[in-house]
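A.B. asks: Can you read through this structure? Questions will come right after.
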């Protein structure tokens with residue numbers, strides 16, 4: 001893990017991507033968040049985001065549920081050789097593009113265990129425009145920490161810094177949205193309210 | 001607050017109606033009674049009644065209530081033309097009505113015409129200065145425009161007049177949490193617990209906020225409120241059980257075994273841990289290994 005965040009690429013798998021966007025659509029009137037699961041690539045030049053776990057849709061700024069969820073999620077995925085490599089956030093208002101204090105704090109916390117962690121912020125305008133735009137890039141913005149540990153937006157047009165692993169990911173996403181697959185998404189909030197609900201969402205991509 | 005029975009009834013009706021069954025009117029009444037935000041479904045099923053002349057006339061005088069309900073739902077889904085049509089019908093039936101006036105102002109809000117909406121609300125308030133709904137719209141408008149400090153100011157002003165409005169205290173508490181202003185959030189939950197001491201959700205929220213604030217005293221108080229939540233919910237609240245474990249562990253890290261209370265604390269924690277493990281074994285067995293490891297790490301550090 002020799003490269004600093006300044007050089008690393010970030011690659012988002014379809015499953016992680018769709019899960020996170022569907023989660024936000026399931027709770028259109030609140031802010032939501034989630035964690036990104038993955039690993040460093042064998043060539044050491046990229047963070048590969050293989051999966052995601054949707055976390056909460058209320059009281060995002062409270063610690064107890066965050067600590068429990070991170071413990072349980074970390075425990076589950078480390079057995080598979082994967083780590084928590086980042087954080088996803090969708091703001092409450094559709095025109096809010098600010099990376100707020102809660103998101104930055106959680107991002108900082110994750111960086112303590114995985115220094116190259118990234119934050120993905122949902123871009124609502126891009127999501128809304130997706131049906132017509134046929135854009136292949138993700139409807140999320142990427143933030144990484146600079147040398148002074150401040151979160152900075154990464155511009156990835158024209159370079160390779162942030163990409164979707166599967167080029168048809170947006171088509172899949174639109175398909176899932178059309179069939180209202182966001183209705184069944186289980187997040188950690190749902191799990192804590194009823195532990196029989198599975199935050200792994202096993203039936204989602206079958 | 002919605003009871004478990006009401007929730008089950010709602011879910012049953014909702015899936016029934018969604019799958020083409022009957023009971024749309026019953027569903028819409030329940031949503032209205034429980035003050036839920038199911039705007040896409042209200043719009044869909046409400047319109048199916050309103051667009052059907054025989055169903056509509058079968059409602060009798062309730063027809064107008066449905067127009068109002070569908071208008072608001074339409075605005076929430078940004079179907080502004082539908083909303084406009086509903087409001088027109090109501091304007092015709094009830095000219096000079098303050099209630100319809102509120103809907104008109106709400107439509108201005110939905111369009112994003114903030115200044116016009118503010119003017120409309122101000123003039124409505126002149127005639128009825130104690131209209132709670134309009135005061136709350138001011139808060140909502142501030143929030144929608146991203147003016148959170150303004151929303152907080154309006155909400156505090158509102159609560160000075162209507163200090164028994166529990167929903168308002170909850171809203172204020174949530175706004176403070178989203179801004180990481182935990183001390184202020186704690187105050188809101190204290191007000192709620194004072195006025196409704198047997199509602200476990202307030203104890204739980206208060207405990208969560210205190211834990212987030214941190215520090216020995218807050219952690220000890222948080223633990224007390226997690227315990228009271230467990231009491232009030234008959235030991236069934238997963239969050240409170242976890243909360244007790246987290247608190248005990250965090251307290252132990254600060255006091256490092258110098259306090260006598262810790263022996264008792266460890267007992268409560270191991271009880272909570274046992275209840276959690278039993279529950280997971282029964283209802284989420286594939287998640288049990290991670291739970292056991294997590295609980296072990298919490299008890300080891302205490």
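The numbers here are math on the coordinates, done by the rules we state, and not lab data. In this text, all values refer to a predicted model and were calculated from it rather than measured experimentally. Using ideal geometry, Cβ is built from the backbone for each residue, glycine included, and neighbour counts are taken over all protein chains shown.
A.B. asks: State the Cα centre-to-centre distance between the stretch A:123-151 and the stretch A:1-76 in whole Å.
C.D. replies: Going from one Cα centre to the other spans 14 Å.
A.B. asks: Separate question: For B:239-245, what's the mean count of beta carbons from other chains sitting within 10 Å of each residue's beta carbon?
C.D. replies: What the average comes to for B:239-245 is 3.
A.B. asks: Between residue A:180 and residue A:93, what length comes free when the chain is fully extended (0.36 nm per residue of separation minus the Cα-Cα distance, one decimal in nm)?
C.D. replies: Separation in residues times 0.36 nm, less the Cα-Cα distance, equals 29.2 nm.
A.B. asks: Taking the 0 to 90 degree range and rounding to the nearest ten, how far is the long axis of helix B:261-283 tilted relative to the main principal axis of chain B, both from C-alpha atoms?
C.D. replies: Rounded to the nearest ten degrees, it is 60.
A.B. asks: Would any residue of the stretch B:185-216 have its amide N under 18 Å from a label point 7 Å out along Cα→Cβ of residue B:271? List them or say none.
C.D. replies: B:204
A.B. asks: With the radius of gyration and the Kirkwood radius both derived from the Cα set of the stretch B:202-302, what is their ratio Rg to Rh?
C.D. replies: Rounded to two decimals, Rg/Rh equals 0.96.
A.B. asks: Follow-up. I want to check the label-to-label distance for residue B:131 and residue A:29. Put each point 7 Å from Cα in the C-beta direction and report it in nm to one decimal.
C.D. replies: 2.1 nm
A.B. asks: By how many degrees, 0 to 90 and rounded to 10, does the Cα axis of helix B:166-178 deviate from the longest principal axis of chain B?
C.D. replies: Here the helix axis deviates by roughly 60 degrees.
A.B. asks: What ranking do B:3, B:299 get, fewest neighbouring Cβ atoms within 10 angstrom at the top?
C.D. replies: B:3, B:299
A.B. asks: Note down, for the protein assembly as shown, the three equivalent ellipsoid semi-axes (square root of 5 times each alpha carbon gyration tensor eigenvalue), biggest first, whole angstrom.
C.D. replies: After scaling each eigenvalue by five and taking roots: 39, 30, 23 Å.
A.B. asks: Given 0.36 nm per residue, what is the gain on full extension from residue B:147 to residue B:297 after removing their alpha carbon distance, in nm?
C.D. replies: Computed gain between residue B:147 and residue B:297 is 49.8 nm.
A.B. asks: Can you give the mean number of other chain Cβ atoms that lie within 10 Å of the Cβ atoms in peptide B:200-207?
C.D. replies: 1
A.B. asks: Another question, then. Residues of A:55-64, mean number of Cβ from any other protein chain within 10 Å of their own Cβ, rounded to a whole number?
C.D. replies: 6
A.B. asks: Measure nothing but the geometry: give the 0 to 90° angle between the long axis through the Cα atoms of B:148-161 and the longest principal axis through the Cα atoms of chain B, rounded to 10°.
C.D. replies: Helix B:148-161 sits roughly 90 degrees off the main axis of chain B.
A.B. asks: What is the calculated FRET efficiency for residue B:199 to residue B:283, with r their C-beta to C-beta distance and R₀ = 22 Å, to the nearest 0.05?
C.D. replies: 0.30
A.B. asks: Once you compute Rg and the Kirkwood Rh from C-alpha atoms, what is the Rg to Rh ratio for chain B?
C.D. replies: With Rg and the Kirkwood Rh in hand, the quotient comes to 1.07.
A.B. asks: Between residue A:126 and residue B:4, what FRET efficiency comes out of the Förster formula 1/(1 + (r/R0)^6) with R0 = 51 Å and r the beta carbon distance, rounded to 0.05?
C.D. replies: That gives a FRET efficiency of 0.80.
A.B. asks: Within the stretch B:78-106, which residues have the backbone N less than 14 Å from the label spot 7 Å out from residue B:119 along Cα→beta-carbon, could you tell me?
C.D. replies: Within reach of a label on residue B:119: B:105.
A.B. asks: Now for a different question. Determine by what factor the alpha-carbon radius of gyration of the stretch A:8-64 differs from 2.2 N^0.38 Å, reporting the quotient.
C.D. replies: 1.30
A.B. asks: Moving on to the next point. Which FRET efficiency value, to the nearest 0.05, is calculated for residue B:54 and residue B:184 with the Förster distance at 45 angstrom and r the Cβ-Cβ distance?
C.D. replies: That gives a FRET efficiency of 0.25.
A.B. asks: Could you list B:226, A:10 so that the one with the fewest beta carbons within 10 Å of its beta carbon is first and the one with the most is last?
C.D. replies: A:10, B:226
A.B. asks: Restricting things to alpha carbons, find the Rg to Rh ratio for the stretch B:1-94 using the Kirkwood radius for Rh.
C.D. replies: 0.97
A.B. asks: List residues of the stretch A:69-102, by number, whose backbone nitrogen lies under 13 Å from a label position 7 Å along Cα→C-beta of residue A:193.
C.D. replies: Flagged as within label range: none.
A.B. asks: Rounded to the nearest whole Å³, what is the per residue volume of the convex hull around the Cα atoms of the stretch B:77-187?
C.D. replies: Normalising the Cα hull of the stretch B:77-187 by residue number yields 110 Å³.
A.B. asks: Roughly how far apart, in whole Å, are the Cα centres of the stretch B:173-219 and the stretch B:22-94?
C.D. replies: 37 Å
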